[in-house]
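Just so it is clear, none of the values below were taken in a lab; they were calculated from the coordinates. Computed from a predicted structure; not experimentally measured. Ideal geometry is used to build each Cβ from the backbone, glycine not excepted, and the neighbour counts take in all protein chains shown.
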């Protein structure tokens with residue numbers, strides 16, 4: 001909540017009232033905890049493998065932001081679509097994509113989700129409703145709006161969750177999308193993952209209005225700031241936004257106040273913020289630590305049970321790493337496939 | 001002296017139009033600013049205002065006259081003291097009177113209001129009937145078209161109508177096909193290519209967008225990733241530069257980046273290249289730009305039949321397609337086979353004129369120069385083989401090479417700039433695959449290396465000319 005208070009604007013009477021914290025059941029707490037932990041461990045492993053030279057190019061880690069995607073995923077149903085930018089490993093795992101396939105794509109191997117041809121920023125799963133994985137800042141926003149358009153065209157009650165960051169929030173195409181989404185009442189939840197830094201530029205240095213939940217005001221799109229470090233707050237806000245969209249009322253903006261612990265990418269100068277700032281967020285509002293504490297406090301599980309979960313998550317990630325290390329590179333014949341169909 | 005009222009042009013590309021209606025009669029008094037007549041083309045309707053005061057003298061072109069050439073005197077205005085008999089007898093330009101103009105006028109009045117002017121919006125079937133009534137023009141191409149069965153009845157229609165029919169047919173066939181873009185619905189298309197589609201398919205499938213090319217192109221790609229088949233109209237491809245990131249990074253590359261899992265069936269279409277007198281920002285030819293990109297197919301037809309057959313193919317194709325039209329060609333009529341489902345293969349060039357002395361390769365409006373040049377050359381005893389490329393990517397290299405092996409000489413014609421142009425690519429392929437057959441280096445005729453100037457004389461100089469094509473063909477023939 002510290003993050004939320006720090007960033008919230010005084011002039012927020014036009015914003016939708018913030019959703020309350022969801023009261024999670026035992027199953028919800030445990031399932032959210034496990035998925036957040038899976039993402040955390042996956043990303044730690046990816047960082048390690050990058051350091052070993054097994055992963056190349058760009059690699060943007062999601063560590064610290066896990067509650068956002070896990071909370072949002074809890075409100076989705078079959079047929080809903082998810083699309084995001086390049087910090088996408090967490091989204092894929094939350095959508096239910098196989099850790100082995102994701103990790104093998106990171107290592108550029110044949111059984112990666114894109115046969116090794118996409119890499120960290122370009123993975124997709126039609127089956128799991130994950131539409132990428134896009135490397136151009138902000139480009140996923142019109143695309144996600146188009147996914148929502150398809151839902152209206154087909155007359156179903158599915159929605160599109162379109163994620164983007166505080167950096168992308170300044171791209172022009174975001175506002176072109178907002179306009180059409182509200183004009184045509186498209187069912188899209190714009191989830192702005194405000195982790196406070198667009199690469200190394202803090203939001204205050206890049207944005208004239210730092211309360212990004214207000215960015216839809218001139219289009220009449222309701223928005224609210226959410227404590228993106230608390231999976232219960234995310235889930236509650238997501239529930240409300242989803243109901244809005246499924247009722248045919250058009251788009252909804254959720255600004256998730258979150259934080260990334262690691263650098264923008266693997267080569268990050270770490271000069272734009274202090275170690276103390278990172279440590280403070282990490283020690284006071286870590287989404288996984290908070291979930292773990294709640295579980296113990298509510299006696300949803302014992303330390304022993306949590307240790308077992310931790311061990312099985314570690315095991316899953318180790319298997320994924322092992323698979324991604326030994327899977328062969330794509331056959332050279334793949335160079336010229338999948339250009340046309 | 002009586003003052004002549006001349007047939008006005010609605011746009012720099014208009015050559016003739018219909019005189020739909022006179023709102024003043026002979027003998028009526030006229031003030032400056034009075035609306036005296038309505039004229040129309042297949043693209044738009046316009047009111048003719050008086051700019052002089054006096055009395056309506058003789059009406060020289062009766063209402064309902066079709067195809068009145070621009071600048072033909074259509075009536076006279078008499079100043080005080082003059083009478084109608086004083087007006088010299090003027091003959092209107094040869095113009096044929098048709099019954100359909102009055103009918104069209106009625107339809108125009110009953111059409112839903114357009115945002116500007118009074119756009120005529122016949123349902124596609126009516127337009128088809130109208131086109132069917134027109135006598136079929138003699139087929140221009142000397143080479144038989146292998147894609148059209150022998151004995152097929154041909155109907156003459158404009159490229160604009162052919163494109164519209166292609167979209168309408170595919171929309172009837174597949175509910176996932178929809179068209180979106182600026183002014184495609186109520187306005188009936190900025191260039192009237194989507195005329196009548198809103199009336200037939202409704203606003204769910206014919207969608208007016210805000211002026212946000214980047215946004216709606218991306219939205220279209222997103223809808224295509226979800227399995228729909230959008231036709232995204234750009235008012236002109238000049239404006240698609242705003243959207244080129246979505247076209248290339250999102251549409252063209254996703255299939256590859258997803259390992260073949262997710263692609264998009266989408267057509268980006270609209271006029272490309274120079275129109276007339278619209279200067280540098282509205283006159284660029286993007287043939288080379290898009291044909292550079294793996295994952296895109298690029299089509300640029302030169303006539304109504306190819307436009308129809310290839311647009312239908314493009315809409316059905318599971319890949320992203322760039323469909324480059326041409327404003328100048330929109331109003332040109334040519335025969336289109338009357339078939340229930342006329343679909344042409346993408347990636348196949350056509351020999352538009354057979355010849356043995358020199359190969360001329362062109363596409364889109366470049367074909368206009370190429371065919372006229374071929375006629376000129378024939379007068380001098382040089383028989384040019386003119387290849388209409390039709391598709392720029394994938395390029396039908398085989399047809400080009402086969403022709404060059406026969407003629408030993410080649411000229412490329414394009415309105416775009418020469419550097420890194422399509423002509424440069426054709427020349428390279430010829431060099432790579434038919435070097436030993438060449439009797440002369442390949443010559444390129446292209447747009448000049450300047451932004452398009454506005455002044456009429458400079459604009460002419462900036463574009464290729466028939467004379468340049470003739471000269472290039474003679475040069476490679478050492479004549």
Angle in degrees between helix B:466-476 and the longest Cα principal axis of chain B, rounded to the nearest 10: 30 degrees
Rounded Å value of the spacing that divides the Cα centres of segment A:39-77 and segment B:276-340: 44 Å
Potential lengthening between residue B:23 and residue B:455 on full extension [0.36 nm per residue; Cα-Cα distance subtracted]: 152.0 nm
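Listing B:208, B:174, A:166, A:88 from the residue with the fewest other Cβ atoms within 10 Å to the one with the most, what is the order?
Details: B:208 16, B:174 13, A:166 24, A:88 27.
Sorted ascending by nearby Cβ count, the order is B:174, B:208, A:166, A:88.
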Computed label-point distance, nm, for sites residue B:281 and residue B:71 using a 7 Å Cα→Cβ extension: 3.0 nm
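Compactness ratio of segment B:121-337: Cα Rg over 2.2 N^0.38 Å, N = residue count? Walk me through the numbers before you get to the answer.
Working: Rg = 16.9 Å, N = 217, 2.2 N^0.38 = 17.0 Å.
After normalising by residue count via 2.2 N^0.38 Å, the value is 0.99.
Quick one: if you take sqrt(5λ) for each eigenvalue of the C-alpha gyration tensor of segment A:104-147, what semi-axes come out, biggest first, whole angstrom? Could you put the intermediate results ahead of the total?
Working: eigenvalues 89, 30, 5 Å².
Square roots of five times the eigenvalues give 21, 12, 5 Å.
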Neighbouring partner chain Cβ atoms per residue of A:123-135, average, 10 Å criterion: 4
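With only alpha-carbon pairs counted, each pair once and no self-pairs, how large is the Kirkwood hydrodynamic radius of segment A:249-292 in angstroms? Spell out each step's value before the answer.
On the way: mean 1/r = 0.0781 Å⁻¹.
Answer for segment A:249-292: a Kirkwood hydrodynamic radius of 12.8 Å.
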Listed residues A:240, A:271, A:128, most fluctuating in chain A (Gaussian network, C-alpha, under 10 Å): A:271
Cα-based Kirkwood hydrodynamic radius, segment A:129-235, one decimal, Å: 14.4 Å
Descending semi-axes in Å of the protein assembly as shown, equivalent ellipsoid built from Cα gyration tensor: 58, 34, 22
Stokes-Einstein D for segment B:223-276, Kirkwood Rh over Cα pairs, 25 °C, 0.890 mPa s (µm²/s): 203 µm²/s
Principal axes of segment B:268-390: Cα extent on each, largest first, Å: 45, 40, 30
Cα radius of gyration and Dmax for chain B (Å): 23.9, 83
Hydrodynamic radius of segment A:90-168 per Kirkwood, over alpha carbon pairs, in Å: 13.3 Å
Rg(Cα)/(2.2 N^0.38 Å) for segment B:350-476, N = residue count: 0.99
Ratio Rg/Rh, restricted to segment B:349-396 and using Cα atoms, in which Rh is the Kirkwood radius: 0.99
Angle between chain B longest axis and helix B:213-225 axis [Cα atoms, degrees, rounded to 10]: 60 degrees
Values of log10 I(q)/I(0), in the order q = 0.13, 0.15 Å⁻¹, for segment A:27-151 under a Debye, Cα-only, solvent-free model: -0.49, -0.65
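From the Cα trace of segment B:171-249, what convex hull volume per residue do you get, rounded to a whole Å³? Working shown, then result.
Numbers: hull volume 6.6 nm³, N = 79.
Taking only Cα atoms, segment B:171-249 has a hull volume of 84 Å³ per residue.
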Modelled label reach - residue A:329, point 7 Å along Cα→Cβ, segment A:107-123 residues with backbone N closer than 20 Å: A:107-122
Distance (nanometres) between label positions extended 7 Å along Cα→Cβ at residue A:157 and residue A:289: 4.1 nm
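Explain nothing, just the number: relative contact order of segment B:121-337, from Cα pairs under 8 Å at least 6 residues apart, as a whole percent. Write out the running numbers ahead of the final one.
On the way: 419 pairs, mean separation 54.7, N = 217.
In percent, rounded to a whole number, it is 25.
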Mean-position separation - Cα centroids, segment B:379-409 and segment A:275-298, in angstrom: 71 Å
Most fluctuating residue given options A:107, A:145, A:302, as computed from a GNM of chain A linking Cα atoms under 10 Å: A:302
Within chain A, percent of DSSP bridges classed antiparallel, to nearest 5: 10 percent
Beta bridge orientation in segment B:121-337: antiparallel %, DSSP, nearest 5: 20 percent
Rounded to 10°, Cα long-axis angle of helix B:366-379 versus longest principal axis of chain B: 90 degrees
Directionally averaged projected area (convex hull, Cα atoms, chain A), nm²: 17.2 nm²
Two-decimal Rg/Rh across segment A:240-335, once Rg and the Kirkwood Rh are taken from alpha-carbon atoms: 1.11
Residue mean of other protein chain beta carbons inside 10 Å, A:175-182: 5
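Using Cα pairs under 8 angstrom and six or more residues apart, how large is the relative contact order of chain B, in percent? All intermediate terms of the calculation are to be shown ahead of the outcome.
On the way: 1082 pairs, mean separation 53.0, N = 479.
Dividing the mean separation by the residue count of chain B yields 11 percent.
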FRET efficiency, residue B:429 to residue B:80 (Cβ-Cβ, R0 60 Å, nearest 0.05): 0.25
Percent antiparallel among DSSP beta bridges (both partners in chain B, rounded to 5): 50 percent
Order of B:392, A:183 - criterion: other Cβ atoms within 10 Å of each residue's Cβ, fewest first: A:183, B:392
Per-bin percent of Cα-Cα distances, segment A:184-245 [10 Å]: 19, 47, 30, 4
